[in-house]
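Please read the structure below before turning to the comments.
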Amino acid sequence: MLDLAIIGGGPAGLTAGLYATRGGLKEVVMFEKGMPGGQITSSSEIENYPGVLEVMSGMDLMQHWPQQCMRFGLKHRMDEVSRVSKREDGVFEVSLLGGEVVEAKSVIVCTGSTPRRSGVRGESLFFGRGVSTCATCDGFFYKNQEVAVLGGGDTALEEALYLANICSKVYLIHRRDEFRASPVTVEKVKNNQKIELVLNSVVDEIAGDDSGVNSIYVEDKHGNKRDIRVPGIFVFVGMDVNNQILMQEDGSALCKLSENGNVIVDLKMHTSVEGLFAAGDLRIDASKQVVCAAGDGATAGIQALEYVNE
Ligand code: FAD
Ligand code: NAP
């Protein structure tokens, strides 16, 4: 039986493994369905990881993490987990897609979240080359330039305000004329001189060339078409929390989730189930940054160590 099963090999999962094994846990396996590194490996540039002066790709940033984390005994299995359950005797069962079931004394879930795609033509083609889902990460690359934001929720409006501090102009494109975001945020957006509201409008296509995005083709509900010439568009049309592995056969969740599906944890990354921890983007109130996910992972690793040793 494993001392600890870690699900997900992004910054949170890798760091959890580092702290748990370096702290003395012997049988620790990290299940990662792809290559370790997490969603940041899809980012072309990261410049806000503390202590790293060089601007580098997400892939380069994560390159040495697995090696460092596995130095103390963490094992990696390239497997997709389909479910995590807890038996009455307190043992966790980690079910793998192939049908194998692995037993573990404790589990840390670090499966992250996935920014939802809008499905607009050109979005996938230009993802990372003008299409972004992270203003904190990529906004600075458009300093003093015009950009577009797609969406009408809290994230879209808050990020539009953030981008307006950096960029010369922000076109906020939303399919309705009412926002899902909170009224206070809507008011701030409406009062911001640098934000132009493009309402009742859908994006027909994100267009560009070899160097990236250069145009957003928009159509309003009356059929009027418009070509917004910008080098970047930020898509904020909701997040999909990767919580599926917590869903049990009867449809209930293994531990308490928020309304949005994020795992509810306390400051020590404990979930509502003893021996089950969650870390990184998946948890409630996550800041959705590499450094924060790594911090969560360290906390969860230390707590799992304590739980197993007790
Ligand atoms: P993730 O990185 O999402 O890792 C989760 C891992 O779990 C993935 O590797 C996934 O394959 C695996 N997984 C999921 N389900 C299963 C399963 N069932 N079985 C096995 N494995 C599974 N942050 C910054 O700090 N600075 C930036 O500049 C920055 N830029 C970004 C740019 C882009 C394009 C994106 C998408 C994000 C960016 N972020 C940035 C955010 C940052 O990447 C995330 O906050 C961070 O990666 C979250 O780490 P995590 O470990 O919680 O989850
Ligand atoms: P969200 O509330 O689900 O909003 C998504 C927005 O994208 C909606 O305006 C939606 O339009 C639009 N949209 C969805 N699919 C689209 C598509 N294919 N094309 C174009 N537009 C599309 O997501 P979110 O803003 O990420 O917020 C998620 C949750 O976190 C919410 O509960 C939110 O309140 C919360 N949150 C809170 C705060 C805060 O409290 N400060 C900050 C951020 C997020 P419609 O409105 O027409 O459906």
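Out of Arg121, Arg116, one residue alone is modelled with pLDDT of 95 or more and of a type outside the set (Val, Ile, Thr). It is Arg121.
Within region 75-82, the presence of a residue that is of a type in the set (Lys, Arg), farther than 22 Å from Leu305 by Cα and modelled with pLDDT of 95 or more is excluded. Filtered by the rule that a residue be within 22 Å of Asn144 (Cβ to Cβ) and assigned to a loop (DSSP other than H, G, I, E, B), region 206-235 gives Ser211, Arg229, Val230, Pro231, Gly232.
Filtered by the rule that a residue be surrounded by fewer than 20 Cβ atoms within 10 Å (Cβ to Cβ) and away from ligand 2 (no atom under 13 Å from the Cβ), region 132-147 gives Phe140, Phe141, Lys143, Asn144, Gln145, Glu146.
Just one residue in the set Val198, Val202, Val189, Val184 is farther than 26 Å from Asn224 by Cα, β-branched (Val, Ile, Thr) and either more than 16 Å from ligand 1 (Cβ to nearest atom) or in the same structural domain as Val291 (by TED's automatic domain parsing) (or both); that residue is Val184.
Could you look through region 261-303, keep only residues that are more than 18 Å from the chain's Cα centre (by Cα) and in a loop (DSSP other than H, G, I, E, B), and pick out the one that is surrounded by the most Cβ atoms within 10 Å (Cβ to Cβ)? Among them, the one singled out is Thr271. Taking the conditions (1) over 30 Å from Leu254 (Cβ atoms); (2) among the small types (Gly, Ala, Ser); (3) over 23 Å from the mean Cα position of the chain (by Cα) in turn, Ser106 satisfies each one other than (1).
Scanning region 191-226 for residues that are out of contact with any Asp or Glu (no Cβ under 7 Å at 6 or more places or on another chain) and loosely packed, with under 12 Cβ neighbours inside 10 Å, which turns out nearest to Leu163 (Cα to Cα)? Here the answer is Gln193. When residues in region 282-310 are screened for being of a type outside the set (S, T, N, Q) and more than 15 Å from Ile6 (Cβ to Cβ), 10 of them pass. Inclusion of Asp227 among residues that are out of contact with any helix residue (DSSP H, G or I) (no Cβ under 9 Å at 6 or more places or on another chain) and modelled with pLDDT under 95 is not warranted. Note on region 50-131: enclosed strands (runs of 3 or more DSSP E) holding 1 or more residues that are surrounded by fewer than 20 Cβ atoms within 10 Å (Cβ to Cβ) and more than 16 Å from ligand 2 (Cβ to nearest atom) are 75-77, 81-86, 92-96, 101-109. Look at (1) at positive phi; (2) out of contact with any Ser or Thr (no Cβ under 6 Å at 6 or more places or on another chain) and you find that Met269 fails only one, number (2).
When region 157-181 is filtered for residues that are under 21 Å from Met239 (Cβ atoms) and within 16 Å of ligand 1 (Cβ to nearest atom), the ones remaining, listed by number, are Glu158, Glu159, Tyr162, Leu163. List pairs: first residue in region 101-117 and at positive phi, second residue among the small types (Gly, Ala, Ser) anywhere in the structure, Cβ distance under 8 angstrom, at least six positions apart or on different chains. Taking only residues 6 or more apart or on different chains, the pairs are Gly112/Gly8; Gly112/Gly10; Gly112/Ala12; Gly112/Gly38; Gly112/Gly280; Gly112/Ala293.
The residues in region 24-43 that are more than 16 Å from ligand 2 (Cβ to nearest atom) and buried (at least 16 other Cβ atoms within 10 Å of the Cβ) can be counted, and the count is 12. Which numbered condition trips up Ile166, out of (1) surrounded by fewer than 16 Cβ atoms within 10 Å (Cβ to Cβ); (2) over 22 Å from Gly122 (Cα atoms)? Of the numbered conditions (1) surrounded by fewer than 16 Cβ atoms within 10 Å (Cβ to Cβ); (2) over 22 Å from Gly122 (Cα atoms), the odd one out for Ile166 is (1).
The values are calculated or read from the model by the stated rules, or taken from the named source; none is laboratory data. Please read all numbers here as calculations on a predicted model, not as lab measurements. Ideal geometry is used to build each Cβ from the backbone, glycine not excepted, and the neighbour counts take in all protein chains shown.
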